[in-house]
Amino acid sequence: MAELIDGKKISQDLKDEVKAEVAKLKEKGVEVTLAVILVGNDPASTVYVGNKKKACEYTGINSRSYELPEETTQEELMKLIDELNNDDTVDGILVQLPLPKQLDEDKVIRAISPDKDVDGFHPESVGRLSIGVPGFVSCTPAGVIELLKRSGTMLDGSNAVVVGRSNIVGKPMSVLLLRENATVTICHSHTKNLKEVCKNADILVVAIGQPKFIDASYVKEGATVIDVGIHRIDGTKKLCGDVDFESVEPVAGKITPVPGGVGPMTIAELMNNCLQSALMKM
Ligand code: GUN
């Protein structure tokens, strides 16, 4: 039986640490503020933004909400980002993705000042991460590293395999694991012998967006398995990940559940990035 890595508990601990630091700053007269921009009314995005605002409330971070209509133009959005870039009372700017199709996502990401890029999506932030200088790190992979460290998983010298090469998860994940001195392999849809490569992993991070893709036949006995996926099981309210939990759990040494694994870490890391942004200004 694998040990469960409790993302709910670990994210709560992280949020409590952020809350304590935010309170200390408040005593010195320093406020931490996140500007959240939501364009349109995509139901999933509305829920995510609501959860981010709740986490701000919990940690004592001010959230400023900008809810723009579906038909917002590129110019209108760029103007708002420019104002927020130049507003000294704003520490972090988050534009919830995806954006309506008339808007150029790449241009929007580049418009956010790298000093306020708490999502870590700006090419400057990605470049900083890749050469190992301080900067904002994408929240989900940062959360995975925290889960690994706080669950006592040995990273230094481990064989880490990342399945998936997205800009938001797979690529930054591999750089972060490398930074922890893991030997890192990135797998994707063109990888030959995926099963054998995965079976060699001490740490297996799965972020491919395919429900229950990884079963026990991909997992080495005793490996730590991190499941970044989240899917609704057809016709039910139940959730599952990219890992077939029932199959993998008896083989793995440690495993994250879905829900309650990686998911809650993303928002906790966002709060931490907002705090770090405020600290960097001091
Ligand atoms: N949409 C889905 N996940 C994210 C995220 O982490 N940040 C932003 N800005 N949009 C998202």
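Values as computed for the structure displayed
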| read-out | value |
| --- | --- |
| Protection proxy ranking, peptides 238-247, 106-115, average beta carbon neighbours within 10 Å, highest first | 238-247, 106-115 |
| Amide H within-cut-off set for GLU3, under 5 Å, with H built and near neighbours excluded | LYS254, ILE255 |
| Between helix 74-85 and the chain: long-axis angle, C-alpha atoms, 0 to 90°, nearest 10 | 80 |
| Vicinal HN-Hα couplings computed from phi for region 47-59 (Karplus, 6.51 cos²θ - 1.76 cosθ + 1.60; Hz; Gly/Pro x) | 5, 4, 5, x, 5, 5, 5, 5, 5, 4, 4, 5, 8 |
| Likely footprinting exposure, SER217, SER151, fewest C-beta neighbours within 10 Å first | SER217, SER151 |
| Helical mean residue ellipticity (222 nm; -39500 (n - 2.57) per DSSP H run of 4+; nearest 500) of the chain | -13000 deg cm²/dmol |
| Crossing angle, helix 139-150 versus the chain [Cα axis fit, 0-90 degrees, rounded to tens] | 50 |
| Cβ-based exposure ranking for LEU176, LEU204, in which fewest neighbours within 10 Å come first | LEU176, LEU204 |
| Mean-position separation - Cα centroids, region 95-121 and region 1-51, in angstrom | 19 |
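Every number in this text was worked out from the coordinates using simple rules, so none of it is lab data. Predicted, not measured: the structure shown is a model, and the values here were computed from it. Cβ atoms come from the backbone with ideal geometry, glycine included; neighbour counts cover every protein chain shown.
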